[in-house]
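Everything on this sheet refers to the single structure shown next.
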Amino acid sequence: MISPIDRLSRQSECPASIQPRTVKFLDLAKLNARLRPVTDAAIQRICDRCDFILGEEVTAFEKAFAEYVGAKYCIGVASGLDALTVVLQALGVGPGDEVIVPANTFVATALAVTRTGARPVLVDVNKEDFNIDAKRVESAITKKTRAVIPVHLYGKSCTWEALQEISDRYSITMLEDACQAHGATYKGRKCGSLGIAGAFSFYPGKNLGCFGDGGAVTTDDQEIFTRAAQIRNYGQSEKYLHQDIGGNSRLDTIQAAVLRVKLPLLDDWNQRRRINAETYRARLGDVDEVCLPSREDPASRHVFHLFVIHVEGRDDLKAYLEREGVQTGLHYPKPIHLQPCYADLGYSDGDFPVAEWSSRHLLSLPMGPTLEVDEVNYVCDKVRHYFRGNR
Ligand SMILES: *Cc1c(COP(=O)(O)O)cnc(C)c1O
């Protein structure tokens, strides 16, 4: 049988009110189209100069990003994973060491630890903002613990004071995985300037993204800066003098040029994300079945890399929204300890109940700087309609 919508869409004229629409999870093409003349020119300049590797634009971007974050130094690297790995290597973390990471994060946080030869030790997240649970960090510390990597998940900073206190008491280094938190703050200080060093990703879909892979390390520590800068470039302190077993983790000059165009716009884009988050909150606040992100903590400015709700029957709602043209995401559907690649860590189902509960209930709604208010309203209408229908 042909549905009324199908019948209408086969006719040439479709009434606006019934026309099916698509709300993209993140409309990058729209963002990039607006910047096209400027980014095209920036890329062309580098091609003309053949300044491809660690060129002028890399240094200029590093300076601008360090300033933005409020850190003394910034080192451009090839990805967020490389940023994390390079910092751990600069700290001398390796075989026999343990590094504490949250159970609910993108796998890269744990992979960076594994790449150095150290062991990731997982800790559950808290039920308020799904960031690492500071109380549980303490009980995971052993004599082998070298560092903790809290993740400012979804764009909201961890409650840093609690982590700092543990860092001071046990003399354990706190690194930040700030890959989802460009521009987020804790008590007025930017994420990436809170711990000994911060790791950023400029993967295209991040709040600040380039036209491929990219990343950065931020730090106030001169030794970390010097070593990280060497490690990303074959361990060289000068040409053909190799101090460290380094690798090739350099940020491309072309990517740095794109990032330099985009950085001045980041605060405005984050503000748009925050407005969209407010609209979601206003339109979904009275839907009992939907658990919204926790109210903003006055100490931390959320930049809503993702807008993540929790619902019973998540997969059904996701499928329904898909049918209605609304793209959604899952961040993340399988916690780190249940990933096949980490079977040998010896964890099992039930070890991290909050991360596990969250993985089954979370749903990321469309979010981004080009998402329009009528698109947010459309998504909210569909969510409201779904729950009304299912009562
Ligand atoms: C994106 C991301 C990374 C990895 O960044 P890449 O640039 O893809 O390597 C690491 N941690 C978190 C929390 C991320 O969201």
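The values are calculated or read from the model by the stated rules, or taken from the named source; none is laboratory data. Note that the coordinates shown come from a computational prediction; the quantities given were computed from them, not determined experimentally. All Cβ positions, glycine included, derive from the backbone under ideal geometry; neighbour counts span all protein chains shown. Remember, those area values only see protein heavy atoms, side chains included, never the ligands or the DNA or RNA. Shrake-Rupley method; radii C 1.70, N 1.55, O 1.52, S 1.80 Å.
Data overview
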read-out	value
Listed residues K187, K63, K262 arranged by accessible area, highest first, probe 1.4 Å	K63, K187, K262
Nearest-10 value in Å² for the accessible area of D48, using the 1.4 Å probe	110 Å²
Beta bridges per DSSP with both ends in segment 50-150, % antiparallel, nearest 5	10 percent
For peptides 66-73, 252-259, 145-152, sequence by mean Cβ density within 10 Å, most packed first	252-259, 145-152, 66-73
Where Rh is the Kirkwood radius over Cα pairs, Rg/Rh for the chain	1.00
Whole-Hz couplings from phi, Karplus 6.51/-1.76/1.60, listed for segment 112-126; x for Gly and Pro	4, 5, 4, 4, 7, x, 7, 10, x, 10, 8, 9, 6, 9, 8
Rounded accessible area per residue of segment 169-237, 1.4 Å, Å²	33 Å²
Carbon and sulfur %, accessible surface of segment 238-318 computed with the full protein complex present, 1.4 Å	48 percent
By average C-beta atoms within 10 angstrom, highest first, the peptides 117-124, 198-205, 105-112	198-205, 105-112, 117-124
Accessible surface, segment 25-145, averaged per residue in Å² (probe 1.4 Å)	44 Å²
Residue-wise HN-Hα coupling along segment 46-61, computed from phi with Karplus coefficients 6.51, -1.76, 1.60 (Hz; x: Gly, Pro)	5, 4, 5, 8, 6, 9, 6, 10, 6, x, 3, 5, 5, 4, 5, 5
Additional length obtainable on full extension of the chain from Q222 to W357, 0.36 nm per residue less Cα span	44.5 nm
Average Cα contact separation per residue, segment 249-391, under 8 Å, 6 or more apart, as relative contact order %	33 percent
Bridge type composition, the chain - antiparallel percent by DSSP, nearest 5	65 percent
Surface per residue (accessible, 1.4 Å probe) for segment 281-338, Å²	46 Å²
Using distinct alpha-carbon pairs, which all enter the 1/r mean, Kirkwood radius of segment 187-315 in Å	17.7 Å
Highest average packing first - 153-162, 95-104, Cβ atoms within 10 Å	153-162, 95-104
Cα gyration tensor category, rounded, prolate or oblate, for segment 257-391 with a/c compared to 1.5	oblate
Accessible surface of segment 30-163 [probe 1.4 Å, protein heavy atoms]: carbon and sulfur percent	55 percent
Karplus (6.51, -1.76, 1.60) ³J(HN,Hα), θ = phi - 60°, over segment 75-87, in Hz, Gly and Pro reported as x	10, x, 10, 7, 6, x, 4, 5, 4, 5, 5, 4, 5
Nearby lysines by direct alpha-carbon distance to K334 (threshold 30 angstrom, same-chain neighbours under 8 apart not counted)	K24, K127, K135, K143, K144, K156, K190, K206, K318, K382
CD proxy at 222 nm, helix term only [per DSSP H run n ≥ 4: -39500 (n - 2.57); per residue of the chain; nearest 500]	-12500 deg cm²/dmol
